[in-house]
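The values are calculated or read from the model by the stated rules, or taken from the named source; none is laboratory data. Here the structure is a predicted model, which is why all the values come from computation and not from measurement. Here the Cβ positions follow ideal geometry from the backbone for every residue, glycine too, while neighbour counts run over all protein chains shown.
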Amino acid sequence: MKIHKYSFALLLSAFVFGCHATPKEAYTYDAVTTVVNLIATPERYFNKKIEVDGVFIGFHQDRLYLSSEHAENMISLLSISVLDDTETEEGSLTMSPCSGEWVKLWATFIPAQQPGISTEQGRLVVDRAMLHKDGKTCWKRTEKSRFVN
């Protein structure tokens, strides 16, 4: 009889906690990396889906910074350019609740369009962004990017 009580309690707790769990979206990526790695060895990440953390600043700056301090002082040498080709400003990553926040980005890292001419070695084309402070998605791509095949 004791086995049944424990089985019932286990089943009940799985049901209760399972009902309140939020479904996580499955994302596949080739690498988990850092802003520093993208700056130091960009060629290792070109055309790969990556996961990277940093402070995102939008409002037409569109950069992912290594830290809050770098973002506040706009130290672009310690940041990566973020490319957003969203049709409307209202739906863009730049104007989203992600701006000014510590985020996790799922993105494709593409080479600069003019290697050798551009100061940027590569750029992030973001698919999804999540706020670290609460784990909520603050922006998600709704249309396929023209920059990624």
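Quick test for you: out of W139, W106, pick the one residue that is among the aromatic types (F, W, Y), more than 23 Å from A40 (Cβ to Cβ) and modelled with pLDDT of 95 or more.
Numbers: W106 fails: more than 23 Å from A40 (Cβ to Cβ).
Criteria check complete, one pass: W139.
How about region 46-71: which of its residues are surrounded by fewer than 16 Cβ atoms within 10 Å (Cβ to Cβ) and in a strand (DSSP E or B)? Matches in region 46-71: K48 only. One residue stands out among those in region 94-109 that are among the small types (G, A, S) and in a loop (DSSP other than H, G, I, E, B): the one that is nearest to K140 (Cα to Cα), which is S96. Just to verify a result, which residue in region 77-93, among those that are hydroxyl-bearing (S, T, Y) and assigned to a loop (DSSP other than H, G, I, E, B), is nearest to A112 (Cα to Cα)? Once the filter is applied, the top-ranked residue is T86.
Looking at region 4-54, which of the residues that are among the small types (G, A, S) and under 18 Å from V125 (Cβ atoms) is modelled with the highest pLDDT?
Within region 4-54, the first condition is being among the small types (G, A, S), and the residues that meet it are 7, 9, 13-14, 18, 21, 26, 31, 40, 54.
In the following step, the residues that additionally are under 18 Å from V125 (Cβ atoms) were identified as 31, 54.
Details: A31: 94, G54: 98.
Here the answer is G54.
Is it fair to say S79 is in contact (Cβ under 8 Å) with a residue 40 or more places away in the chain and small (G, A, S)? Yes, satisfied. With respect to the stated conditions, M74 is assigned to a loop (DSSP other than H, G, I, E, B) and either touching a strand residue (DSSP E or B) at 6+ places or on another chain (Cβ under 9 Å) or at pLDDT 95 or above (or both). Screening E143 on (1) in contact (Cβ under 8 Å) with a residue 40 or more places away in the chain; (2) touching a strand residue (DSSP E or B) at 6+ places or on another chain (Cβ under 6 Å); (3) surrounded by fewer than 20 Cβ atoms within 10 Å (Cβ to Cβ) shows it passes everything except condition (2).
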